[in-house]
Amino acid sequence: MALNPSRFVRLAVVAMRPLPRLVMAGLFRRSTPAPKTIECQPKHSARSSPRCRALRGRPSSIERKCFGLALFVGLVLTFVAPSVWAQCNVEVPIEPNATVNGRLGPGDCDIGIAFLDFYRLNLPAPGTLDVRMTSDQIDSLLFLFDEFGEDIDSDDDGGGGFNSLIVVPNLPAGSYIIVASYISFMHPETGFYTLSTTFTPSAFTVTATAGAGGTISPQGSVSVNTGSDQTFTISPDSGFVVSDVRVDGVSMGAVTTFTFSAVDADHTIDAQFVVVANKVISAIAGQGGTISPSGGVSVAVGADQTFNITPNSGFLTSDVIVDGNSIGPATAFTFTDVTSDHTIEARFFEVYPAIAPALQLLMDDEGAQ
């Protein structure tokens with residue numbers, strides 16, 4: 001990782017401006033921690049150089065520490081140059097949401113005025129990063145750099161007492177370096193600390209899938225803003241029904257909609273379907289003709305089925321009975337959107353061949369009326 005030495009030198013120069021006053025005020029005498037009602041905020045970022053809110057009156061222990069901190073941080077940033085990184089480039093991976101225990105002391109990267117521990121953090125998505133360093137043995141100091149060595153932020157006592165806290169919203173996805181150190185003018189100093197990271201993505205992903213026989217909408221990897229709701233609709237295909245919907249691996253039953261409320265984590269939703277048992281239409285024909293298809297005809301739920309009725313030579317269709325009801329001497333009948341079992345029966349009667357055509361015309365005319 002390449003740092004920007006000019007930025008660190010500039011920070012160091014800014015930090016050194018109050019040096020004469022610091023010496024007069026006894027800079028190198030470590031002071032007793034003071035109440036946090038007085039603001040002393042050394043901050044370092046690509047957007048702000050070291051600063052310390054002006055305090056009125058004679059230099060106090062708080063004021064000495066405040067200016068001393070600005071100097072110290074400036075010196076640390078100056079020494080953390082590319083050559084130092086090359087010598088101390090031992091990075092410990094840390095997850096976006098993790099807690100690790102460390103120790104600053106001999107064996108760590110030593111820049112002459114402090115020991116440093118380096119952590120490599122990879123963020124998978126944009127979001128807010130919270131980094132905390134706590135210790136009851138050292139005055140913790142935190143730095144956050146991007147992968148190109150640009151300083152993003154730093155903190156000394158923002159976490160209360162001697163604890164450090166960095167909170168950066170809207171941080172892009174990418175690789176970052178966290179540097180753990182301490183404030184001390186009695187180097188070398190050693191001590192244990194705890195470092196924790198908390199990452200809240202700007203958006204989360206709900207992965208929606210559906211098995212054969214239906215759909216879920218929206219489907220695939222669905223991005224949902226943090227705190228927002230997202231509804232999914234489950235629709236079975238014709239001849240299928242929803243058998244189960246599992247949310248994060250837990251069965252929700254055969255529901256047709258599901259809403260994730262106030263999303264604050266990644267989720268999964270999966271819909272499964274089963275074939276509905278086909279319905280049966282019993283088709284029979286009396287003597288003197290045929291019906292096609294005939295017998296027990298299996299029909300998928302929601303499908304259509306047509307039957308053709310054909311009398312034999314010397315016979316005419318006298319009636320077609322559908323589910324016990326007469327529909328007259330039809331030559332065909334269609335069941336639409338089948339959802340239950342049905343019956344159809346064709347009946348015929350015999351006529352003399354010579355009058356069959358005329359009789360058929362007469363019956364057709366009566367049927368048309």
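The values are calculated or read from the model by the stated rules, or taken from the named source; none is laboratory data. Since this is a predicted model, take the numbers as computed values, not measurements. Glycine gets a Cβ as well: all are built from the backbone with ideal geometry, and neighbour counts include every protein chain shown.
Remarks
- Among the residues making up segment 145-159, those that are out of contact with any Ser or Thr (no Cβ under 7 Å at 6 or more places or on another chain), over 21 Å from Glu189 (Cα atoms) and of a type outside the set (D, E, K, R) are Phe145, Phe148, Gly149.
- Some residue of segment 192-211 being over 29 Å from Asn225 (Cα atoms), surrounded by fewer than 20 Cβ atoms within 10 Å (Cβ to Cβ) and out of contact with any Ser or Thr (no Cβ under 7 Å at 6 or more places or on another chain): no
- Restricting attention to segment 237-276, the residues being surrounded by 15 or more Cβ atoms within 10 Å (Cβ to Cβ) and either of a type in the set (Lys, Arg) or out of contact with any strand residue (DSSP E or B) (no Cβ under 7 Å at 6 or more places or on another chain) (or both) number 1.
- In segment 166-179, of all residues being among the aliphatic types (A, V, I, L, M) and closer than 16 Å to Thr200 by Cα, the one that is surrounded by the most Cβ atoms within 10 Å (Cβ to Cβ) corresponds to Ile166.
- Checked against the criterion of being assigned to a strand (DSSP E or B), at pLDDT 95 or above and loosely packed, with under 13 Cβ neighbours inside 10 Å, segment 333-351 contains one or more residues that satisfy it.
- Residues (assigned to a strand (DSSP E or B) and not charged (D, E, K, R)) located in segment 94-114: Ile94, Ala98, Thr99, Val100, Asn101, Gly102, Leu104, Pro106, Cys109
- Test: residue in segment 119-132 that is within 24 Å of Thr226 (Cα to Cα), assigned to a strand (DSSP E or B), touching a residue at least 24 places away in the same chain (Cβ under 8 Å) and among the basic types (Lys, Arg): yes
- When Phe72 is tested against (1) touching a helix residue (DSSP H, G or I) at 6+ places or on another chain (Cβ under 6 Å); (2) modelled with pLDDT under 80; (3) under 22 Å from Gly191 (Cα atoms), only condition (1) is not met.
- Which numbered condition Thr197 misses (of (1) in contact with a strand residue (DSSP E or B) (Cβ under 7 Å, 6 or more places away or on another chain); (2) over 30 Å from Asp139 (Cα atoms); (3) among the β-branched types (Val, Ile, Thr)): (2)
- Residue check: Asn163 meets all listed conditions (1) without any contact (Cβ under 8 Å) to a residue 40 or more places away in the chain; (2) on the phi > 0 side of the Ramachandran plot but one, namely (2).
- For segment 272-298, the set of residues classified as outside any strand (DSSP E or B) and not polar (S, T, N, Q) consists of Val276, Ala277, Gly286, Gly288, Pro293, listed by residue number.
- Top-ranked residue in segment 254-271 [being part of a strand (DSSP E or B) and within 19 Å of the chain's Cα centre (by Cα); ranked as nearest to Pro236 (Cα to Cα)]: Ala271
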